[in-house]
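Bear in mind that the values in this text are calculations on the coordinates, not laboratory data. Owing to the predicted nature of the structure, the values given are computational and were not obtained by experimental measurement. Every residue, glycine among them, receives a Cβ derived from its backbone with ideal geometry; neighbour counts consider all protein chains shown.
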Amino acid sequence: MSRRTSFRTRSVAVLATAALTGIALGSHASAAPVTAAAPSAAPLDSVDTYTGLKFTVPAGKNDLGQPQTCTIDADLYKPHSASSAARVPAILTTNGFGGSKADQAGLGEAFAKRGYAVLSYTGLGFPDSGCKISLDDPGVDGKAATSLVTFLGGGGSTAYTSSQVGGAAGGPGTLGVNFTVLDNPATHDPRLGMIGGSYGGQIQFATAAVDSRVDTLVPLITWNDLRYSLAPNNTSFTSGVTYANSTPGTEKIGWSGLFFGVGIADGLQGAAIDPTRNVGCPNFVLEACQAKATLDTLGYPTSSTYQLTDRVSVAHYIDKVKIPTFLIQGENDTLFNLQEATATYRSMKARGVPVTMAWQSWGHSGGTGTNTGAAPGELDLTGQHIEDTYLGLRIKNWFDHYLKRSAISTGPEFSYFRDWVGYTGSAAPAYASAGSFPVGSRKALYLSSADELVSAKSAILPGSTTWSNPGLGAAASYSEISGLEGQVDLPDGVTTPFDTPGTFGAWTTPAQSKPLTIVGAPTLDVRFESPVSAATQSAGPSGQLQVFAKLYDIAPDGSKTLVHKLISPVRVADVTQSVHIELPAIVHRVDAGHRLQLVLASTDAAYKNAYAVQPVTVRASPLSPATLSLPVVP
């Protein structure tokens, strides 16, 4: 999240610069979701704002294994009418990576006006909060947040400065909370939900895992497994997006560099708050610096890296998260893609945890924009138009249902934004709804000849295509540089994806006779022939074949679109065996007259690439067809 734009990661000079209700309609998507009418709007309350709250809280252990306490900077937004005789539920929220409590000011005021006490705080390691960045570690960041839950439950008090909105003028004082709904006064247990995006999404899982007093979560655009987020391998999955330790992913160099640039810059700015943030590994726990050094040196994570990423990823403690969760993930996101929320959704649903998922238009990618970068009428948490936006209303209804115990519906279990649907006002018409995920059916296409995709096995013609990478880690394909796009002025065409001839294979369908709508993650089952890699793969990851899979939409005029610039890096454990690849999950319509193209590239500029030259051949065979499977809806 940025300080200027909620739920987004801000950029810094280091890299030239780094939340309505629908009705469930069964197991397939509807073309026009039915949206329940919003309840009669209650009068908005005025808000008393208490700023500059300072908490000193226990937060696990530091790099030396010693117990640590951390300073937390926070603001409280209280409905003016709330009192011990008129109690309200509470919401806890924090910033995305590189942001601060200020990012949540609009959300705080908006929900306080609607009958919630909202505490917004700056996460550990970011401006005016102490200690180092621990990557939303349940034992550190989650532990720190439990003290804030206690405060909202009436335990203790804290000093503050006040600038009251709609109330009497305030000043310095001491604040104790005696106006929240308590589920258990003895344990200072408030009726409490959490909301936030990106880094402010994962902290919700971390807190819920260590504090059973949290009642519901609304995490936006966050990760399931950080090993996949920062070094993906879209094959050899053991569960969700967690891949086998023996077949590590490939470093996403742009995004990993962005994180460290932002974190270090925040450490320098916050030195006066906590000088120890810059001792040793600058503003990160030591394991984070060690992991970054490993990724930069080898290009892939090792077992020691997994010790950190697994500890800070909900995929590895999901059994401890047992409360209703509304997952919101972005279609336009090359950092935390749709597969991440899908993995969390499936894992929670398998455990019987109430879970709902929405795929919204925006994510970390695509540059900056006003508010959240959301589509018009999709989400507005500035306090002005919550009920007028699709996700804003759904989030409000979610909290009203689980925190105010209202009978209002929380909407469809799965919904997704379609950018080809026109509308005015609320974005509800652009959202399709379903009773669960996945939706639709699978459509098979087959590699044929040297460059064709055909829809019937009987149409497969024998053929082959061969390519190679340049070697020495050089990139011959480009997909995206989200850390820079939208942040600085770049020449026209610089950010257009491309592949250098001779370094990739491509297979293309005939022009579509009617629109084809893809919703979900395509898969590819294919066999690679690479004698060089076959000879070196036993030596470890550096000798294994690297491939980058992606889908282009080709218009009648020949122009190509890489949907949201999403790709799937693959490290092949054994080239002598068929490989199952999961391509990026997308929501995309291939219009009539357009063609769909599968590309397997040897490199990509957003990732670490192989140093060894790796020639590779893919053969089309009617007897053993390579199959591209598309998740399609009518």
Any lysines whose Cα falls less than 20 Å from that of Lys320, other than same-chain ones fewer than 8 residues away, would be Lys143, Lys349
Over what distance in Å are the Cα centres of the range 331-392 and the range 244-258 separated?
24
For the charge dipole of the chain, defined by +1 on Lys and Arg C-beta atoms and -1 on Asp and Glu C-beta atoms about the Cα centroid, which residue among Ser236, Gln269, Thr325 has the Cα displaced farthest towards the positive pole?
Thr325
What's the magnitude of the charge dipole for the chain around its Cα centre, counting Lys and Arg as +1 and Asp and Glu as -1 at the beta-carbon? Answer in Debye, nearest 20.
880
Would you mind classifying the range 441-633 by shape? Square roots of the alpha carbon gyration tensor eigenvalues, ordered a ≥ b ≥ c; an a/c under 1.5 is rounded, otherwise it is prolate if a/b is larger than b/c and oblate if not.
oblate
Once you put a point 7 Å from the Cα of Leu286 and another 7 Å from the Cα of Ala159, both along the Cβ direction, what distance in nm separates them?
3.4
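I need the peptides 229-241, 260-272 ranked by packing, meaning the mean over residues of other C-beta atoms within 10 angstrom, with the highest value on top.
Working: 229-241: 22.2, 260-272: 19.2.
Order by mean packing, descending: 229-241, 260-272.
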What is the spin-label model distance, in nm, from Arg405 to Ser559 if the labels are put 7 Å beyond Cα along the C-beta direction?
5.7
Report, ordered by chain and residue number, the lysines lying within cross-link reach of Lys560, taken as a straight Cα distance under 26 Å and ignoring same-chain residues fewer than 8 apart.
Lys252, Lys443, Lys514, Lys550, Lys608
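Say R0 is 60 Å: what FRET efficiency, to the nearest 0.05, do Ala459 and Leu44 get from their beta-carbon distance? Provide the component values of the computation, followed by the final result.
Numbers: r = 62 Å, r/R0 = 1.04.
After rounding to 0.05, the efficiency reads 0.45.
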The range 107-158-the range 529-600 distance, computed between alpha-carbon centres (Å)
42
Full-extension gain in nm, Ser624 to Asn278, via 0.36 nm per residue minus C-alpha separation
118.9 nm
Calculated FRET efficiency for the pair Asp451/Gln66, C-beta based, R₀ 51 Å, to 0.05
0.25
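Using the reciprocal of the averaged 1/r over all distinct C-alpha pairs, how large is the Kirkwood radius of the range 306-365 in Å? Don't skip to the answer; put the middle values down first.
Working: mean 1/r = 0.0821 Å⁻¹.
Over the range 306-365, the inverse of the mean reciprocal pair distance is 12.2 Å.
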Kirkwood estimate for the range 263-344, i.e. one over the average of 1/r between Cα atoms, Å
15.4
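Quote the convex hull volume per residue of the chain, based on C-alpha atoms, as a whole number of Å³. Walk me through the numbers before you get to the answer.
On the way: hull volume 93.1 nm³, N = 634.
It comes to 147 Å³ per residue, whole-number rounded.
Please get the size of the charge dipole for the range 88-166, origin at its Cα centre, with Cβ charges of +1 on Lys and Arg and -1 on Asp and Glu, quoted in debye to the nearest 20.
On the way: 5 positive and 6 negative charges, 38 e Å.
Roughly 180 debye for the range 88-166.
Between Thr238 and Ala85, what FRET efficiency comes out of the Förster formula 1/(1 + (r/R0)^6) with R0 = 41 Å and r the beta carbon distance, rounded to 0.05? Please list the in-between numbers first.
On the way: r = 53 Å, r/R0 = 1.30.
Computed FRET efficiency for Ala85 and Thr238 comes out at 0.15.
So how much slack lies between Gln307 and Ala535, counting 0.36 nm per residue of separation and subtracting their Cα-Cα distance, in nm?
Values: separation 228, 0.36 × 228 = 82.08 nm, distance 3.02 nm.
So the extension gain works out to 79.1 nm.
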